[in-house]
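To keep things clear, I will list the structure first and then write my remarks on it.
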Amino acid sequence: MRETLAHHRLISGRAAENGLPGSPAVREGRELVKALACRRCHVAGGAGNRWATSLDRVVWSREVGGLTRSIEEPVEFMPRFGMGPPQIQSVIAFLLHGAARGPGGAAYQVRFAARGGPPRSVFDERCGGCHRALLAAGPAGIASAGPNLSGLLSDEYPASAPGNEAWTPALLQRWLDNPRSLRPQTTMRPVRLEEDERRRLLQEFLAPDRLANSVRAPRTDRGAR
Ligand code: HEC
Ligand code: HEC
């Protein structure tokens, strides 16, 4: 299986080390996927949110060169991570290492709805002028003044709330009421939401199909996270 993958794809350099679970490339790739929070949008190594294509499946259908370009020159709704070629090779080595277990899980295609027209969500209306995010309703927002908020309130979003805590609905509410009460230096200004908007916004992040949209980490991977 390992040989088949390697020969089929002409994997070079660090990516070729994918067969060795403890190899430095696989280890580095696993750490990068965790540190850069790829899983808030993708399933990778058997865990993550399904807002974008499962990376465990994509490594079966795309050449390493194409994967590398997708990470170097990401689409509008994927952040640019600024990884160098060696780091990207490590990430791909990690993905191939996971994929060698088989292409489990259904592929998920992001719904890129037609842009323009009236706002489709509270997020579009109240946050989308500064942020982007993948939501149950589809990609939303037009700008990158603030971070991409895909997966906010899910387990996979970085614990970037004050004190390196995970974002919760209550913390998000305090943040929106007065960002500087949580992060004195922040440049985000308060956003006042009506009760109804607040409820709808939370639903947009915690969509009813959220559970169907994420897969739990397998036991082995969880220990490592
Ligand atoms: C904020 C959401 C988000 C994050 C975080 C993110 N991506 Fe993506 N990624 C996307 C979207 C959207 C696409 C394009 C649509 C699709 O393929 O699902 C994409 C596409 C890709 C593709 C091409 C897939 C294909 O179909 O060919 C690769 C490879 C990829 N991402 C790798 C990564 C890696 C590695 C990380 C972490 C370093 C990462 N992504 C983090 C949203 C994200
Ligand atoms: C006028 C622009 C603007 C609007 C509108 C805006 N934000 Fe922000 N937001 C920012 C900026 C800039 C940052 C980065 C601030 C920082 O780094 O401290 C930010 C940061 C955040 C963060 C912190 C994320 C992290 O990982 O550090 C959250 C959460 C957030 N915004 C949520 C929202 C939500 C939800 C809305 C809509 C209800 C919204 N913002 C509307 C500009 C905006």
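As an exercise, use a Förster radius of 25 Å and the Cβ-Cβ distance of Val191 and Ala35 to find the FRET efficiency, rounded to the nearest 0.05.
Given R0 = 25 Å and the Cβ-Cβ separation, E is 0.30.
Run the quick spin-label model on Met83 and Arg180: label points 7 Å from Cα toward the beta carbon, then report their separation in nm to one decimal.
Reported label-point gap for Met83 and Arg180 is 3.8 nm.
Estimate the FRET efficiency between Glu73 and Ser160 by the formula 1/(1 + (r/R0)^6), using the beta-carbon distance for r and 22 Å for R0, to the nearest 0.05. If you can, show how the numbers build up before the last one.
Values: r = 25 Å, r/R0 = 1.15.
Step by step, r from the Cβ atoms, then E = 0.30.
A short reminder: the numbers here are calculations on the coordinates, not readings from a lab. None of these values were measured; they are calculated from a predicted model. Methodologically, a virtual Cβ is constructed for each residue, glycine included, from the backbone with ideal geometry; neighbour enumeration extends over all protein chains shown.
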